[in-house]
Amino acid sequence: MLLVLLAWWAAFWLRFNLDIPPEFDALAVQTTGWVLPCFALGLVFSRVYRHVWSYIGLPELRQLGAGVFLGGLISPAVLLMLRFPNFPRSVLVLHPLLVLVFLGAVRAGWRTFSERTTPSAGERPLLIVGTLQDAADALRALKGSGNWRAAGIVSPVLAEQGRSLQGVEVLGSVNNLADIAEEVGVHTALMAIAPGAPGRRDVLLRSAEAGLSLMTLPRADEWLRQEGPSPRKVELEDLLGRDPVQLDVKGLSEMISGQTVLVTGAGGSIGSELCRQIARFGVSRLVCVDVSEYAIYQLEQELRAAHPQMQGLYYTANVRESARLEAIAQTNKPSVVFHAAAYKHVPLMEELNEIEALRTNVLGTLHAARVAGQCRAKRFVMISTDKAVNPTNVMGATKRM
């Protein structure tokens, strides 16, 4: 109410060009006791007292405007009914405007101060890729995450170049994404463009060419499960641009749920995604086997964070070594075996590595199939057999064998 009082006197000063006559000084003091309760009633009725100043936005400012408008209607009505002599009516117009300016400025200033003084040492910089409308939604999400900071916006709309949104500049177009990332020193891009929108695929390709780690905002269902709107890595569903094909979830669940599942080549691009999907179906125990220590470690960290209730076992082993593979299978007795361990790079296998492809893709598959039979697994599934159909290269031939 101190600001309402200050605005009342400021209205008199402005009305009389900063030189209030003595008789109007007394009138201002006399009417103060009526004006303050009128504005207090208006602000209380509009529930302005409930605002948290650190998070004030347009809805709160609209609510504040409604309270000031209500107070600005009540106070003139009261003063006119009391018939104060020679009262300057222009003060009744100036006062609500000044109250709105003072109260709004204090709230906006406090929010600016709180945002600038909030610790940001742990925030990592990223580029927001999308139109200004997309970027506005992304900036709201980033403020709630506490882990990321927008270093700039890259917009596909040429007319938006050079503009600024909430203090974040539009640094250039998508065509210059790699140069902008290098100039700003950013290694992560946030995809703000909606799935299926024009230009989304181009952004994906340019982000990959620039070596940027691509993030996206959570889907609507994930907002309900997560504690905050923090960006996440791009997943397969984000790249489709359409609804995913509906799988036989019931059949998969009956086959995998509550079972022990072994996956070879679990650290590879196909094997790791296979493990992620298997973990979703409530597998009792997931046995992951890969020749790469680093790949199996990365998979372990990811699955333990995403599925802490699942029992995961992570082995470094080569499918070429039948004894090691057999020992793992006999220890865990899997009921389902997914064989994803293979060499899949066609040009590399065509040049100087034919024997390695033969040993891994043929002997490795033979060992995995034998082990599945020895431990009485109910199902053996071989992954990535598309190039075995009418093979035209060494890798396809090894798959067909």
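Since every read-out is calculated from the coordinates, none of them should be taken as a lab result. Source: prediction; values computed, not measured. Positions of Cβ are generated from backbone atoms using ideal geometry, with glycine treated the same way; all protein chains shown enter the neighbour counts.
How charged is the neighbourhood of Arg320? Take every other residue with its Cβ under 10 Å from the Cβ of Arg320, and add Lys/Arg as +1 and Asp/Glu as -1.
0
Gap in Å between the Cα centre of region 131-165 and the Cα centre of region 77-108?
Measuring centre to centre over Cα atoms gives 40 Å.
Between Arg124 and Leu313, what is the FRET efficiency for a Förster distance of 25 Å, r being their Cβ-Cβ separation, to the nearest 0.05?
Calculated value: 0.15.
In nm, to one decimal, how far is the Leu2 label point from the Arg276 one, both placed 7 Å along Cα→Cβ?
About 5.5 nm, to one decimal.
Given 0.36 nm per residue, what is the gain on full extension from Ser90 to Ala305 after removing their alpha carbon distance, in nm?
Contour length minus Cα-Cα distance gives 70.9 nm.
Report the label-to-label distance for Leu97 and Phe16 in nanometres (one decimal), using points 7 Å from each Cα along the Cα→Cβ vector.
Modelled inter-label distance: 2.0 nm.
Below 14 angstrom from the Cβ of Gly67, what's the summed charge of the other residues (Lys, Arg +1; Asp, Glu -1)?
+3
Does a label point 7 Å from the Cα of Arg376, set along Cα-to-beta-carbon, have any residues of region 308-331 with amide nitrogen under 16 Å, and which are they?
329-331
For a quick check: sort Leu358, Leu2, Leu177, Leu82 by the number of other beta carbons within 10 angstrom, fewest at the front.
With the fewest neighbours first, Leu358, Leu2, Leu177, Leu82 line up as Leu2, Leu82, Leu358, Leu177.
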